[in-house]
Structure formats: C-alpha cells, structure tokens
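Worksheet: one structure, shown below.
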Amino acid sequence: MMSDTITLALSKGRIFDETLPLLQAAGIEVTEDPEKSRKLILSTNQPGVKVVLVRATDVPTYVQYGGADMGVAGKDVLLEHGGEGLYQPLDLNIARCRMSVATQAGFDYAGKAQQGARIRVATKYPAIAREHFAHKGVHVDIIKLYGSMELAPLTGLADAIVDLVSTGNTLRANHLVEVEKVMDISSRLVVNQAALKLKTEKVRHLIDTFAKASSQEENE
Ligand code: AMP
C-alpha cells in the first residue's frame, strides 16, 4: 500500500455499518456500497483513505502484517487471534453483544459444570471457551466448529456451546437457553505498529476523532 494512504480493514455487516458514523466524524465518506458491489477495496471522499473489506476473522491478520494500517475487530476475534503485533488503542463500543454458554433447556448446567467435572463444549471460539472453563476449574473437551453451533447440543455432539448472543433469537429458535455469560463483547480499533510510527500524524488524528465520536454516542 502507498505510504501516504491510510488503509482501514473492515468486515461487512454490523462492523462496517457501525464504523461509518465514526468515519463521518472524521469527514470520511465511503463512496461505494459494499452490499451493491463486489469490490473489495472501497474509495472514500478522501484520496488518502481507503477501506478494504475482509472476513471478520482476517482483520487482525491484515493489520498485523501491514496489509491494512488499521482495522476494526470484535473482542472475540482479537482474543482468538491473540493480538500479537497489534496496537489496540480504543474500544469503539460498537457491534456490542455477549459471549455466553448455552445448553438445551433440560440440561442441568449448574450441576454438570462443577469443579472437577467434565463436559463437552462445541464452539467457534476455543481459546475463549478454554480460558473460561479453566478459570472455573471445569474440565472441558472442546469441539471446534466453524458454524451452526446451535446444532451441537441438539444432535448430542456436545453438552453446551459457547457463542455470541445479541437478541437471543437464534438460541430461542433452537430451544437453547443461555446459562452463563462469559464476557461482554464490543469492537476495537487495531493499528499496525509500523503504521503508527511511519504515519503517526494521520493515525493519531483518526484515533482521537474515533475516541470522541464513540464516547459521544455512548452518552446519548
Ligand atoms: P441473536 O440471534 O441476535 O442472539 O444473534 C446471535 C447470532 O448472531 C450469533 O450466532 C452470532 O454469530 C451473531 N452475532 C450477534 N452479534 C454479533 C456480533 N456483534 N458480532 C458477530 N456476530 C454476532
């Protein structure tokens, strides 16, 4: 990427939509609609700022290796990635939800998830799940899945799942109940460490503007 350009990695959907007002606060308007085009590099009204669209789980990798100078990634994605090589200056308080444990309605979670006991947990988030149960002293067999975790307790693949919950509709539709909150989740700004050194002024300006815009939203 050209050294005088700032590249921001975003994922389509909630993160893209909720980052737009923060960009607007910095006078940046994305001039293309990602839902209407197949383009992966989007221009803005500022020649020095570009947006690249990547998978949510790829945002930390793009920023870590300098494929993008900055990015917006969920705390879930950052914890699973490990965060190496990333400067994480700001919680943007967007795309908020929670990471929770869910089971079938009849499952005695409190009884089964005791210290020293063993349960099977299916999840897309093995690092977060492992840490959560290690902290509780519960032994877990983690089964890594890439999608449709709700199916795991219904088919007997696992006793419980660890997944993101927002409205709870997905769990309800599959007759699952949220039995424990693991943590609150929101999205953070991540910055490539070399970009912070080489493009300090532009990067700092964006961090400061995003900080003001995201805390203003919280106060409304
Ligand atoms: P809900 O039915 O509203 O509870 O949403 C749950 C589903 O939406 C989960 O399976 C998640 O995969 C997804 N989801 C909800 N919130 C987020 C978020 N902030 N970031 C990524 N995925 C989310």
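Listing for the model above:
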{"item": "Tally of residues being part of a loop (DSSP other than H, G, I, E, B) and of a type in the set (A, V, I, L, M, F, W, C) across the stretch 117-152", "result": "4"}
{"item": "Residue match in the stretch 180-188 (condition: under 30 Å from Asp108 (Cα atoms) and acidic (Asp, Glu))", "result": "yes"}
{"item": "The stretch 151-192, residues that are away from the ligand (no atom under 12 Å from the Cβ) and touching a Lys or Arg at 6+ places or on another chain (Cβ under 6 Å)", "result": "Ala158, Asp159, Lys181"}
{"item": "Among residues of the stretch 84-116, those that are assigned to a loop (DSSP other than H, G, I, E, B) and either touching a residue at least 40 places away in the same chain (Cβ under 8 Å) or within 15 Å of the ligand (Cβ to nearest atom) (or both), counted", "result": "4"}
{"item": "The listed residue being touching a residue at least 24 places away in the same chain (Cβ under 8 Å), surrounded by 16 or more Cβ atoms within 10 Å (Cβ to Cβ), of a type in the set (Asp, Glu) and in contact with a Pro (Cβ under 9 Å, 6 or more places away or on another chain), out of Glu18, Glu80", "result": "Glu80"}
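Here, each number is a calculation from the coordinates, and none is a lab measurement. Please read all numbers here as calculations on a predicted model, not as lab measurements. Positions of Cβ are backbone-derived with ideal geometry, glycine not excepted, and every protein chain shown enters the neighbour counts.
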